[in-house]
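Structure first, commentary second.
The values are calculated or read from the model by the stated rules, or taken from the named source; none is laboratory data. Note that the structure is a prediction, hence the values are computed from the model and not measured. Every residue, glycine among them, receives a Cβ derived from its backbone with ideal geometry; neighbour counts consider all protein chains shown.
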Amino acid sequence: MDQDAAERDTPERPHQGFHARLTPHRSLGPRGFLLLMSVICAVSFIAGIIFFLAGAWPVVGFFGLDVLLVYVAFKLNYASARAYETVKISGDELIVRRVLPGRPPKQWKFHPYWVRVEMDSDGELHGPLYLTSHGARLQIGAFLSGDERRDFADALKDALSHPA
């Protein structure tokens, strides 16, 4: 073992700065949502008029209900997209902060020297990502895709293995 590695591998040695914010991906932006809802409203309105003119006027209410349910489903989806996690390494602390809509934020602190990054994998599939330290195990990035979790795990491992 060379002298640099011996100096690097001590719990007293502070780590370089690392900061990441993990957020869920949503493929439909606000403009796309407006366009989609406009199309749904137009189709429901036209179909409602056709049923109304055919004498089946009670069906019109169900078209309105469908539009309302699609709108509520998208709004709930966008609310869950406001969730995020931050992972920060500074000095001798690794801090994970999880923010979920409608809940108080949670925070975990670890000493970077003792943290191990673990990721379960089955061949091509990348499973959950965990931080482990002294018997504690914390899952992070659950809303990320498998490839995103793998890339983040690699970046975090690199940051943990290269103290300042």
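Every residue, every condition in (1) out of contact with any helix residue (DSSP H, G or I) (no Cβ under 7 Å at 6 or more places or on another chain); (2) over 14 Å from Leu22 (Cβ atoms); (3) touching a residue at least 24 places away in the same chain (Cβ under 8 Å), yes or no:
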{"site": "Gly102", "(1), (2), (3)": "yes, yes, no"}
{"site": "Gln107", "(1), (2), (3)": "yes, yes, no"}
{"site": "Val117", "(1), (2), (3)": "no, no, yes"}
{"site": "Arg137", "(1), (2), (3)": "yes, yes, no"}
{"site": "Arg149", "(1), (2), (3)": "yes, no, yes"}
{"site": "Phe152", "(1), (2), (3)": "yes, no, yes"}
Checklist entry - Residues of the range 1-57 being of a type in the set (Phe, Trp, Tyr) and either modelled with pLDDT under 90 or more than 32 Å from the chain's Cα centre (by Cα) (or both), which ones? => result Phe18, Phe45, Phe51, Phe52, Trp57
Item to check | Only one of Asp147, Asp92, Asp120 that is touching a Pro at 6+ places or on another chain (Cβ under 9 Å), modelled with pLDDT under 90, loosely packed, with under 13 Cβ neighbours inside 10 Å and among the charged types (D, E, K, R) | outcome: Asp120
Checklist outcome for this item: From the option list Phe74, Phe52, Phe63, single residue qualifying as in contact with a Gly (Cβ under 6 Å, 6 or more places away or on another chain) and free of Cβ contacts under 8 Å to residues at least 60 places away in the same chain is Phe63
